[in-house]
Amino acid sequence: MPIQTYNTLSRKKEPLVPLTKNHINLYVCGITSYDYCHIGHARSALAFDMIVRYLRYRGYTVTYVRNFTDIDDKIINRAAEQGVSASALAQRFIDEFYVDMDHLGVDRPTLEPRATEHIQEMIDLIDELIAKGLAYQSGTDVYYAVTGFPEYGKLSGRNLSDMQAGARIAINENKTNPMDFVLWKGSKPGEPTWDSPWGPGRPGWHIECSAMSRKYLGDSFDIHGGGQDLVFPHHENEVAQSEGCCGKPLANTWIHHGFVTIRDEKMSKSLGNFLTIRDVLAQYHPEVLRFFIFSTHYRNPLDFSEAAMMDATAGLDRLYQCMAAIDDLSAAEIAENSTATVSAKDSHKLTTIEERFQKVMDDDFNTAQALAILFDAVKTINKICQQLPVRPAQADLNLITSSGALIKKLAGVMGLLKEDARTYLLHKKSTLLEDLDINEAEILQLIQDRKDARAAKDWTRGDSIRDQLLARGIELKDGAEGTSWQIKGH
RNA sequence: GGCGGCGUAGCCAAGUGGUAAGGCACUGGUCUGCAAAACCAUGAUUCAGCGGUUCAAAUCCGCUCGCCGCCUCCA
């Protein structure tokens, strides 16, 4: 069974059949770099990071192209406000974008072309469109003539007459048809400009992706992706440009992810309800954000809240705690000549983790189910660990450690469990401790005091120390190797 | 007005024709001097509502209600 992906164009799941055997060409629309990225951008980057990792895990070679829009009205306006050049502003936020991506552990795409480095390719494409009668010059601008492309609207499921009925489109007398969109704009004084056959100007937004995808991936490629808000007009217009020019399907399948919402409203600059990636990462571990994002299918809306992030934290901690327990176990002494004690049922659960994982991920990258499978495995491992004798049998130990390694590998497709479990848990502890009015030395001293009290069977004093610590946010945990501690609620 | 999506336990969330995954929270139990963690057990006779198709529906069809998105820049 090949991987199935939901195709926006056909509105159904379809088998993913690469144009070239074992190779996937993927183009994703990246950011317009004029500000810090918010967690909606993080969802986009993480969704495609996961998709690319999964495809590679499944044995495909993936060429992943993600562009930067580094020339655009918003960039020009913001640069003017700040008194810097458009290119300096764009570069600055590309650098900031990388800071965020690195922090999130997002793998770099194969290629990251920038619009301003492909002006000539865009001019060539516009020339071809004019020659084919699909574009026309009007004043200092060049427009795409949507009526010349009969399939216009096929990606977003609209048609020209419907759109014009409720159009919120500013009248532009340069256009033949109100739905025509700009390919090249003559520049106003002081704006960045490039020479062209139509005079000095700059490219329209949509043409860059048609030009760059064509240059790096050819006339047709496997997957084109982006956020759901790009379906119309951006991707619709790309289709019109590329297919109008080449006469071939631009992409075999279209993958669009859902939005991040806050209180069920789309996060957006105009509503002012957005959180930047760095806002969130200042408070939560990057993998918590990943866990949160992958706990819902990529096409569904995802509502950000503190409660949801706390849930995600609890879930991730549970996975890491299990990994830490497995690491501890590997130091255990083996009982010679012991036979395995793990039940056939549990053993079967663990040996089928990977096939179950693949089955659900093959079905349109269902990370929510994939996580459920990992939890199921963790539960089984915890159960086994609980029943294991102090000196376990080699066979049982092998099963657990290999399952642990497998869980890490599969979680790694989502960029989870990348840290050493002990390091993660210790780091978490020290980070949390910073917010409390207590330090580790003090905690350890109190634990020692309590140990002395308990040794003297002074339970009252022992309990009072524990309660005192609890009141300050520290929970104690008495185990076989003594007393350990953790931050309350974590 | 046009197009699309969603509505599943207290919360989050899978499941798209065969009898409701998983996580968080809660409760009872095991363990513990008492706790914590972990484990075990328990929770929707039911999937917004109403009607229909079917041997069988959360899943398909119709209608109603509620929420959201796109149609303007947007991940």
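What is the packing order of peptides A:194-200, A:25-31, A:71-77, taking the mean over residues of other C-beta atoms within 10 Å and listing the highest first? Can you show the working numbers first?
Details: A:194-200: 15.0, A:25-31: 23.9, A:71-77: 18.3.
So the order, starting with the most tightly packed, is A:25-31, A:71-77, A:194-200.
Descending by average beta-carbon neighbour count within 10 Å, the peptides A:78-85, A:430-437, A:280-287, A:115-122 line up as A:115-122, A:280-287, A:78-85, A:430-437, the highest first. Find how many whole Å separate the alpha carbon centroid of the stretch A:19-54 from the alpha carbon centroid of the stretch A:192-214. When both Cα centres are located, 23 Å separates them.
When the P(r) of the stretch A:311-423 is calculated, the portion above 23 Å amounts to 28% of the C-alpha pairs. In units of the rule-of-thumb radius 2.2 N^0.38 Å, chain A shows an alpha carbon radius of gyration of 1.20.
Rolling a 1.4 angstrom probe over the protein heavy atoms with all chains in place gives chain A an accessible area of 46 Å² per residue.
Need one word for the stretch A:144-230: rounded, prolate or oblate. Basis is the Cα gyration tensor (sqrt eigenvalues a ≥ b ≥ c); a/c below 1.5 gives rounded, then a/b vs b/c decides. Oblate, because a/c is 1.5 or more while a/b does not exceed b/c. What's the angle, to the nearest 10 degrees (0 to 90), between helix A:440-455's Cα axis and the longest principal axis of chain A? Tilt relative to chain A: about 30 degrees.
From the P(r) of the stretch A:2-82, can you give the percent of Cα pairs sitting at distances over 18 Å? For the stretch A:2-82, the fraction of Cα-Cα distances above 18 Å is 56 percent.
For trypsin sites (Lys or Arg not before Pro), the sites in the stretch A:1-51 that DSSP calls loop and that have at most 16 other Cβ atoms within 10 Å are A:ARG11, A:LYS21. Just the number, please: percent antiparallel of the DSSP beta bridges in chain A, rounded to the nearest 5. That works out to approximately 55 percent antiparallel.
Rounded to the nearest 0.05, what FRET efficiency do A:LYS12 and A:ASP303 have when you use their Cβ-Cβ distance and R0 = 30 Å? List each step's numbers first, then the result.
Numbers: r = 26 Å, r/R0 = 0.87.
Efficiency for this residue pair is about 0.70.
Restricting attention to the stretch A:387-466, which trypsin sites (Lys or Arg not before Pro) occupy a DSSP loop and are surrounded by at most 16 other Cβ atoms within 10 Å? Before the final figure, lay out the partial values.
Details: sites: A:LYS408, A:LYS409, A:LYS418, A:ARG422, A:LYS428, A:LYS429, A:ARG450, A:LYS451, A:ARG454, A:LYS457, A:ARG461, A:ARG466; in loops: A:LYS418, A:LYS457.
In loop regions of the stretch A:387-466 (DSSP not H, G, I, E or B), the sparsely surrounded trypsin sites (Lys or Arg not before Pro) are A:LYS418, A:LYS457.
Mind checking the angle between helix A:119-131 and chain A's longest principal axis? C-alpha axes, 0 to 90 degrees, to the nearest 10. That helix lies at roughly 50 degrees to the long axis.
Kindly state, to the nearest 0.05, the FRET efficiency for A:ASN174 paired with A:ASP73, given R0 = 25 Å and r defined as their beta-carbon distance. Before the final figure, lay out the partial values.
Details: r = 16 Å, r/R0 = 0.66.
In this case the efficiency is close to 0.90.
Inter-label distance, A:ARG263 to A:GLN82: 2.9 nm, where each label sits 7 Å from its Cα along the C-beta direction.
With the simple model of a label 7 Å out from the Cα in the direction of the Cβ, A:THR351 to A:ALA331 spans 3.1 nm. Evaluated at q = 0.12, 0.23, 0.29 Å⁻¹, the base-10 log of the normalised Debye intensity for the stretch A:436-487, with identical point scatterers placed on the Cα atoms, takes the values -0.22, -0.83, -1.25. With each label modelled as a point 7 angstrom along the Cα→C-beta vector, the A:THR460-A:ASN382 pair spans 3.7 nm.
Can you tell me the length gained on complete extension of the stretch A:LEU160 to A:LEU111, counting 0.36 nm per residue apart and subtracting the Cα distance? Each step should come with its number before you reach the end.
Numbers: separation 49, 0.36 × 49 = 17.64 nm, distance 3.49 nm.
This chain segment gains 14.1 nm when fully extended.
Relative to the current alpha-carbon distance between A:GLN445 and A:TYR98, full extension at 0.36 nm per residue lengthens the span by 120.6 nm. Measuring nothing but protein heavy atoms, the accessible surface of chain A at 1.4 Å probe radius is 50 percent carbon and sulfur.
Given only helices, namely DSSP H runs of n ≥ 4 each adding -39500 (n - 2.57), what is the per-residue ellipticity at 222 nm of chain A, to the nearest 500 deg cm²/dmol?
Values: 17 runs with 229 residues, N = 490.
Counting only the DSSP helices, I get -15000 deg cm²/dmol.
Please sort by residue number the GluC sites (Glu not before Pro) in the stretch A:164-253 whose DSSP state is loop and whose Cβ has at most 13 other Cβ atoms within 10 Å.
Loop-located and lightly packed - A:GLU173.
The values are calculated or read from the model by the stated rules, or taken from the named source; none is laboratory data. On a predicted model such as this, the values are computed, not experimentally measured, just so you know. Cβ sites come from the backbone with ideal geometry, for glycine too, and all protein chains shown count toward neighbours. These area figures cover heavy atoms from the full protein model, side chains too; ligands, DNA and RNA do not enter into them. Shrake-Rupley method; radii C 1.70, N 1.55, O 1.52, S 1.80 Å.
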